[in-house]
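Contents: one structure, followed by commentary.
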Amino acid sequence: MTSMSSLNALRTDKRMVIAATVIMGIALAVLPFIIGSGLGNSWLRILNFALLYIMLALGLNIVVGFAGLLDLGYIAFYAVGAYLYALLASPHFGLHLPVWVIIPAGAALAGIFGALLGAPTLRLRGDYLAIVTLGFGEIVRIFLNNLNAPVNITNGPQGISGIDPIHLGGFTLAKPISLFGFTLPSLHAYYYLFLALALFIVFVTIRLENSRIGRAWVAIREDEIAAKSCGINTRNIKLLAFTMGASFGGVAGGLFAGFQGFVSPESFNLMESVMVLCMVVLGGMGNIPGVILGGILLTILPEIFRHGSGPVQVAIFGKILLDPEALRMLLFGLALIVVMLYRPAGLWPSTTRRREFRGDSTNDVLKEGE
Amino acid sequence: MSSTLLEARAIDKHFGGVTALRNVSLTIRQGEIYGLIGPNGAGKTSFFNVLTGLYHPDGGELIFAGEKLQASAPHKVAKLGIARTFQNIRLFGNMTAMENVMVGRHVRTHAGVFGAVLHDRRTTREEAAIRRRAEELLNYVNIADRADDLARHLSYGDQRRLEIARALATDPKLLALDEPAAGMNGTETASLRELIEGIRKDGITVLLIEHDVKLVMGLCDRVAVLDYGEKICEDVPSLVQKDPKVIEAYLGGSIA
Ligand SMILES: Nc1ncnc2c1ncn2[C@@H]1O[C@H](COP(=O)(O)OP(=O)(O)O)[C@@H](O)[C@H]1O
Ligand SMILES: [Mg+2]
């Protein structure tokens, strides 16, 4: 009897999942049209950026959330992907390689940079690791800033402009695409491309999480010594985390360059690394839906502040008292503090971490001294 | 006489001025339960840490199943077939009991990133086998009902059992247990004893550090006694108990 009812529950469950997936799919498909017509193109651009940040947050989540390695220089991998695209598809070197070459190459190169960062930091943890990775991120940016002499590679602080928009098949995404008498505006086309890649990255992350490799990452986060004694080659598995995480950043970077048409070192400063880290931590470290939520909220909320604070101030005080940009950071900091105070495990933590932060006493057994 | 599984030759280990191990040699035979006892701070755990590659010895060498163990390579030691538990339990607290044991299978399995993402036939089969083996082992140590609970929510005794299951998941030839009965009550200790005897019956050699002298003397085929980092005695339990040096190390009373 019980097995019958649980079987039924399972069937209903499955039907629910299918229904939810279909509804999600339709919602994601019509979203750009709703936002485009309701709020205009600037919000459509923000939506596209949200998708890029989701990719970044999921990449960083592998390093920070799964493997438990603090990384404050993650944006460097975004930069690597973006600059690779800029160099291989712009008038700067006169190269115009197709996107299906550049994006995988960007993922691979960023992965190599990830391993380069990982290798010397394998023995470090916590604050020390944070400092070294922070330095790494800054070094990459400084290189991009200065590699314009004696040979001009990156064009220095001016950055690289005139980057080729993304081409797919015979179509350029920079112009409206006409198919079967139906016209798809450029921003919408980018949206679908970014969405497809973001979903691909979500898929890869979920598969990795529930695998031998994913378990090894979490084991290292939980207890590195025990992980070693279980036969995990912690050096290789950590390097793999850095490499995988970085490669997601490389993909996002390439898409960014093609979408924006312009890259400069300024886009890859420490604040950006911190922002992505906040998405991971705020959303709920290690929990994929939480990280996605973090990516969306932290892309969209600051824009709301930016766009909204000027008119609101004028309405209340009759003039703008506080620079919207400064106010945006102020409110952002405030929001962070509030969340960390009231939801220290993140907005949408994994069930595991939620329990962890409730601070129950069984944990003490683990910490008993030798 | 059965063959030698592990031979420790003149192991030294110092921490600054403290000598944790001095010239410790011992031989563990295939299939036996070998006890390692001694007062607190005698160097028992240090020996485990050297054996499993967590500490680099200052002298001496370890031969396991005919191969020299490489110092400071714990994952290689595990691969060669030595698994251990820790005196201060070291589980993956925020993973379920099931996942803890599945991590133990890591060293005997192969799936990489591509397998994980593509779910090819070999990977799905391997993953199913990992899960099946983990279930078996949870059953074996009698905590199958806690499979989906976080390791840190298990009772103390169950955590010790889980650690043993995780160690067994690596298919060890030698299982090294560091004070597995610490903090257990009489009933728990009795069933632990049955568990260890069962493990030995399955052909796994056991190296046991234990404070519970009754347990050691009843369970072990041979016992070595460490005192201030030196091996002062190695023999069958009945003779170890009568050894004057051992009695002195334990200040008379408690060992007899
Ligand atoms: N990591 C370490 N650093 C410094 N001293 C240590 C360390 N590990 C063990 N010791 C010292 O080595 C000696 C033996 O300790 P240990 O092997 O834990 O003994 P036992 O397990 O027999 O109680 C003790 O004096 C202890 O303080
Ligand atoms: Mg000890």
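The values are calculated or read from the model by the stated rules, or taken from the named source; none is laboratory data. Note that the coordinates shown come from a computational prediction; the quantities given were computed from them, not determined experimentally. Don't worry about glycine lacking a Cβ; one is built from the backbone with ideal geometry, like all the others, and counts go over all protein chains shown. Heads up: the accessible areas ignore ligands, DNA and RNA and are worked out on the full protein's heavy atoms, side chains in. Shrake-Rupley method; radii C 1.70, N 1.55, O 1.52, S 1.80 Å.
Observations on the structure shown:
- In the stretch A:121-135, residue surrounded by the most Cβ atoms within 10 Å (Cβ to Cβ) [restricted to those that are modelled with pLDDT of 90 or more and not aliphatic (A, V, I, L, M)]: A:T133
- Residue list for the stretch A:313-324, restricted to those being β-branched (V, I, T) and open to solvent by less than 80 Å² (accessible area, probe 1.4 Å): A:V314
- Residue satisfying all of: in the stretch B:10-24; within 15 Å of ligand 2 (Cβ to nearest atom) and loosely packed, with under 15 Cβ neighbours inside 10 Å; farthest from A:I232 (Cα to Cα) among these: B:V18
For (1) modelled with pLDDT under 80; (2) in contact with an Asp or Glu (Cβ under 6 Å, 6 or more places away or on another chain); (3) within 14 Å of another protein chain (Cβ to nearest Cβ), each residue gets a yes or a no:
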{"site": "A:G295", "(1), (2), (3)": "no, no, no"}
{"site": "A:I316", "(1), (2), (3)": "no, no, no"}
{"site": "A:M329", "(1), (2), (3)": "yes, no, no"}
{"site": "A:P349", "(1), (2), (3)": "yes, no, yes"}
{"site": "A:T352", "(1), (2), (3)": "yes, no, yes"}
{"site": "A:E356", "(1), (2), (3)": "yes, no, yes"}
{"site": "A:T362", "(1), (2), (3)": "yes, no, yes"}
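- Entry remark, the stretch A:242-273: residues being touching a Phe, Trp or Tyr at 6+ places or on another chain (Cβ under 9 Å) and surrounded by fewer than 20 Cβ atoms within 10 Å (Cβ to Cβ) number 1 in total.
Matching residues to (1) out of contact with any Pro (no Cβ under 8 Å at 6 or more places or on another chain); (2) over 21 Å from B:Q159 (Cβ atoms):
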site	(1), (2)
B:A182	yes, no
B:R193	yes, no
B:G203	yes, yes
B:L208	no, no
B:K214	yes, yes
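- Qualifying position, being touching a Ser or Thr at 6+ places or on another chain (Cβ under 6 Å), part of a helix (DSSP H, G or I) and touching a residue at least 60 places away in the same chain (Cβ under 8 Å), among A:A107, A:A130: A:A107
- Selected residue [open to solvent by 30 Å² or more (accessible area, probe 1.4 Å) and at pLDDT 95 or above] from A:L51, A:L10, A:L70, A:L88: A:L88
- The residues of the stretch B:78-93 that are facing chain A (nearest Cβ under 8 Å) and either among the charged types (D, E, K, R) or buried (at least 21 other Cβ atoms within 10 Å of the Cβ) (or both), listed by number, are B:A78, B:K79, B:A83, B:R84, B:F86, B:I89, B:R90, B:L91, B:F92, B:G93.
- Cβ-Cβ contacts under 6 Å between residues 6 or more apart (or on different chains), taken from a first residue in the stretch A:59-74 that is within 16 Å of A:R235 (Cβ to Cβ) to a second residue that is open to solvent by 10 Å² or more (accessible area, probe 1.4 Å), are listed as A:A67/A:R221; A:G68/A:R221.
- Residue within the stretch B:130-146 that is closer than 29 Å to B:N49 by Cβ, open to solvent by 20 Å² or more (accessible area, probe 1.4 Å), of a type outside the set (F, W, Y) and touching a strand residue (DSSP E or B) at 6+ places or on another chain (Cβ under 8 Å) present: no
- When B:G183 is tested against (1) in contact (Cβ under 8 Å) with a residue 40 or more places away in the chain; (2) in contact with a helix residue (DSSP H, G or I) (Cβ under 6 Å, 6 or more places away or on another chain); (3) small (G, A, S), just one condition goes unmet, and that condition is (1).
- The residue that is nearest to B:D243 (Cα to Cα), among those in the stretch B:30-56 that are within 14 Å of ligand 1 (Cβ to nearest atom) and hydrophobic (A, V, I, L, M, F, W, C), is B:I37.
- All conditions but one from (1) within 14 Å of chain A (Cβ to nearest Cβ); (2) within 11 Å of ligand 1 (Cβ to nearest atom) apply to B:L69; the one that does not is (2).
- Put simply, of B:D243, B:D158 the only residue that is touching a strand residue (DSSP E or B) at 6+ places or on another chain (Cβ under 8 Å) and either open to solvent by less than 10 Å² (accessible area, probe 1.4 Å) or touching a residue at least 12 places away in the same chain (Cβ under 8 Å) (or both) is B:D243.
Residue-by-condition table, conditions (1) surrounded by fewer than 22 Cβ atoms within 10 Å (Cβ to Cβ); (2) without any contact (Cβ under 8 Å) to a residue 40 or more places away in the chain; (3) not in a strand (DSSP E or B):
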| residue | (1), (2), (3) |
| --- | --- |
| B:G31 | yes, no, yes |
| B:L36 | no, no, no |
| B:P39 | yes, no, yes |
| B:A42 | no, no, yes |
| B:F47 | no, no, yes |
| B:V50 | no, yes, yes |
| B:G53 | no, yes, yes |
| B:P57 | no, no, yes |
| B:E61 | yes, no, no |
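- Tally of residues being of a type in the set (D, E) and closer than 18 Å to B:E99 by Cβ across the stretch B:115-129: 2
- Taken as a whole, the condition of being open to solvent by 10 Å² or more (accessible area, probe 1.4 Å), within 11 Å of ligand 1 (Cβ to nearest atom) and either more than 23 Å from A:A226 (Cα to Cα) or in a strand (DSSP E or B) (or both) does not apply to B:T27.
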